[in-house]
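*Asks:* What follows is a structure written as structure tokens; I'll ask about it next.
The values are calculated or read from the model by the stated rules, or taken from the named source; none is laboratory data. Keep in mind that what you see is a predicted model, and the values were worked out from it rather than measured. A quick note on method: Cβ atoms are made from the backbone with ideal geometry, for glycine too, and the neighbour counts reach across all protein chains shown. Remember, those area values only see protein heavy atoms, side chains included, never the ligands or the DNA or RNA. Shrake-Rupley method; radii C 1.70, N 1.55, O 1.52, S 1.80 Å.
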Amino acid sequence: MNEDDLISKKELLELTGISYGQLYRWKRKNLIPEEWFVRKSSFTGQETFFPKHKILQRIERIKNMKDGLSLDELADVFSPSSPIESLSAKHLIERNIVTKFAVELYEEECGSREALSFNDMLTVYVLQKLLQSGEMTREEGKMLIAVMRDHYGALENKAGELVLIRKLGVPLLFLAESAERIYFDKDVKRVFRMPLAASIEELKLKLNETEA
């Protein structure tokens, strides 16, 4: 990881206004992943650094959400897995979590089913977001469904990132564990890079609201 992509622990505490104790309590509660604590040598000895964008975004989300949720509930929201194993598409549509159009496109590719697993729900939720934003065409949506169906399970509870590129108008969509440093030739246009963690968190919050 590039040095510019890292922030030191001292800088992090000063910038966010949180304490050393809060940071490590959130770590113990699994709100901040262990792998984000990067030990590196510095002129003062060993120092802890963090992936700058990820940690700042996560701390901001924790601060915004901690008054309404317990730390254990927050840990569940930030986890890539979900205790909700399956729900019907009808249930999701009625509660405005996903649209009928997104479900129908998903079922065109995967077949109709009585219940959707959490991974299925995530696929439909992300599909809906990208179609509504105009970042993805219907045909590219079918590619997304196939990529998520065939490969998302291989990430083993890591959120991963979706990346859509086009070269001379031809789309290519891929799912990566991390797409932080990927380089393309000059004819390639990167349409979007979507870390799935935020969509997982949004979907879990919506599911929790409807189950409450």
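*Asks:* Mind checking which residues of region 43-56 are in contact with a Ser or Thr (Cβ under 8 Å, 6 or more places away or on another chain), farther than 16 Å from A198 by Cα and either at pLDDT below 90 or open to solvent by 30 Å² or more (accessible area, probe 1.4 Å) (or both)?
*Replies:* E47, F49
*Asks:* Output the residues belonging to region 130-156 that are open to solvent by 60 Å² or more (accessible area, probe 1.4 Å) and among the charged types (D, E, K, R).
*Replies:* The answer is E135, R138, E139, R149, D150, E156.
*Asks:* Answer yes or no as to whether L105 is modelled with pLDDT of 90 or more, under 28 Å from R61 (Cα atoms) and not in a loop (DSSP other than H, G, I, E, B).
*Replies:* No, not satisfied.
*Asks:* Another one. One residue is enough: does region 96-106 have a residue meeting the conditions open to solvent by less than 30 Å² (accessible area, probe 1.4 Å) and within 18 Å of the chain's Cα centre (by Cα)?
*Replies:* Yes, that holds for at least one residue.
*Asks:* Further question: Looking only at region 57-76, decide whether some residue is under 23 Å from A176 (Cβ atoms) and either open to solvent by 50 Å² or more (accessible area, probe 1.4 Å) or part of a loop (DSSP other than H, G, I, E, B) (or both).
*Replies:* Yes.
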